[in-house]
Amino acid sequence: MKTIKVATLFSGIGAPEWALKRLSIPHETILACDNGDVDLNDGIDLNNERKKISKIDSFSDEKKYVDDLYKQHSRKNNFVKKSYLANYPDFQEDNYFLDVTLLNGKPLQGKVDLLVGGSPCQSFSTVGLQMGLDDFRGNLFFEFIRLVKEIQPKVFIYENVTGIDSKKNHDNWTKMWAHMQNIGYKTWKGVLNAKDYGIPQIRNRLFVVGFLDQNIDVSTFAPTTKPLAGHMQDFLIEATEEGGLSFDETGKLVFSKKPGVIDKKYFLTPAVKKYVLAEGTKNWHTHIETDRKIARTLLSTMGNHHRAGVDNYVTVNGELRSLSERECLRLMGFTDDFKVVVSMPQAYRQAGNSMVVDVLMALIQEISRIGGFPD
């Protein structure tokens, strides 16, 4: 197979890149873009800045312009960028763009085989306020559509929570789907659950795959499911030591099964244990369950120790503990060669915001089978 040119938006910790790595598919990432929730200070006229950038015909020049904007008007650290650069050493930092809203995709037109992105899900999540397109984060969907139109990749993958297509968000999704049907791509959409693709986590996500080639028959598009690689307990450090999870030549997860020892900091204090095992308050209740074989959906806020009806807790030698950052990454399909270079809260957040690698592997394999990456 030829080297696939890849671009990712809302890139996070690079689940598409890790999927291609596990599949041993030759690829080159020519664009990654994520501001890591680092915003420019108030007072910036973003519309005026976009007009200026739209007139720049060189990607390197527009990147330099936006980098300078962030240096002048933001003092926060982009921890997502730190994790990304640490884990993709072949990626050129000159291709990391800081703000999807300021990105002019036209200099990249026709240069991308695969564009992947999942705009922020909080606006549509059932655990959020579900403000949809009335929320700035919800409107980032239209930035994704704009960039597909400007870059014109051969194939795009879009991901979001299933709540985006819920009854409450029906009007929003109708508008969004209409836009997707109007950009010159043949599209497939479906809800895929991580537990059906080898990973013991209940994580339903809506995916849309678009093909620029109008001859592609999307009616035959069907990502192949696969059995679980193990239960949640098999992904714990006690079952396979740190550094013991790898993958074979087919991309399949391989567990050393050499037991490890978890750090004491993950065990709950009596006060925290009492809280997480409480069913709720007078007006709010949750079904408490620990030591599940298939994990609940990992959340970006799981480091906050939600109740055991929301987060995942396991019992070791009679003591209750939370999952470690490494175990959360494993449950997202990242093998142990993924480097954790940020704090515990940031690592939890990055894992919980990621796509599941194994689901993307199934999508990429099906895109390849159907002829989405022509030689």
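The numbers here are math on the coordinates, done by the rules we state, and not lab data. Keep in mind that this is a model prediction, so the values were computed, not measured. Note: ideal-geometry Cβ built from the backbone for every residue, glycine included; neighbour counts use all protein chains shown.
Cut-off under 23 Å on the C-alpha distance; same-chain residues fewer than 8 positions from Lys168 excluded. Which lysines are left, in chain and number order? Output for Lys168: Lys189. Peptide packing for 141-148, 1-8, 42-49 was compared via the average number of neighbouring C-beta atoms within 10 Å per residue; ordered from the highest value, the list is 141-148, 1-8, 42-49. Ranked by how many other Cβ atoms sit within 10 Å of their own Cβ, fewest first, the residues Lys189, Lys55 fall in the order Lys55, Lys189. From most to least packed by mean Cβ count within 10 Å, the peptides 218-224, 29-35 give 29-35, 218-224.
Quote to one decimal, in nm, the extra length available between Glu289 and Asp61 on full extension: 0.36 nm per residue of separation minus the C-alpha distance between them.
Working: separation 228, 0.36 × 228 = 82.08 nm, distance 5.30 nm.
Using 0.36 nm per residue and subtracting the Cα-Cα distance, I get 76.8 nm.
The angle separating the long axis of helix 344-353 from the principal Cα axis of greatest extent in the chain is about 60 degrees. The alpha carbon centroids of segment 158-234 and segment 293-326 are separated by 26 Å. Going by alpha carbons, how many degrees (0 to 90, nearest 10) lie between the helix axis of 357-369 and the longest principal axis of the chain? Result, in degrees: 40.
Among beta bridges identified by DSSP and lying wholly in the chain, the antiparallel ones come to about 55 percent. If R0 is 22 Å, the Cβ-Cβ spacing of Asn215 and Gln109 corresponds to a FRET efficiency of close to 0.55. Computed from the C-beta positions of Thr225 and Val341, the FRET efficiency with R₀ = 30 Å rounds to 0.35.
Ranking Tyr65, Pro120, Tyr266 by Cα position along the charge dipole of the chain, where only Lys, Arg, Asp and Glu carry charges on their C-beta atoms, puts Tyr266 farthest toward the positive end.
With the Cα gyration tensor of segment 324-375 in hand, give its eigenvalues times 5 under a square root as the equivalent ellipsoid semi-axes, listed largest first in whole angstrom.
Details: eigenvalues 166, 18, 17 Å².
Output for segment 324-375: semi-axes of 29, 9, 9 Å.
The shape of segment 37-129 comes out rounded: with a ≥ b ≥ c from the C-alpha gyration tensor, a/c is under 1.5. Placing a pseudo-label 7 Å from each Cα along the Cα-to-Cβ vector at Phe142 and Glu93 gives an inter-label distance of 3.5 nm.
Roughly speaking, what is the stretch gain from Ser256 to Asn182, that is 0.36 nm per residue apart minus the C-alpha to C-alpha distance, in nm to one decimal? Could you put the intermediate results ahead of the total?
On the way: separation 74, 0.36 × 74 = 26.64 nm, distance 4.85 nm.
Here the segment from Ser256 to Asn182 would lengthen by 21.8 nm.
Ratio to report: Rg/Rh of segment 232-351, with Cα atoms as the point set and Rh obtained by the Kirkwood method; give two decimals.
Values: Rg = 14.8 Å, Rh = 15.1 Å.
In segment 232-351, Rg relative to Rh is 0.98.
Work through the residues other than Val218 whose Cβ is under 13 Å from its Cβ and net out their charges, Lys, Arg +1 and Asp, Glu -1. Computed value for this residue: 0. The alpha carbon radius of gyration of the chain, expressed as a multiple of 2.2 N^0.38 Å, is 0.99.
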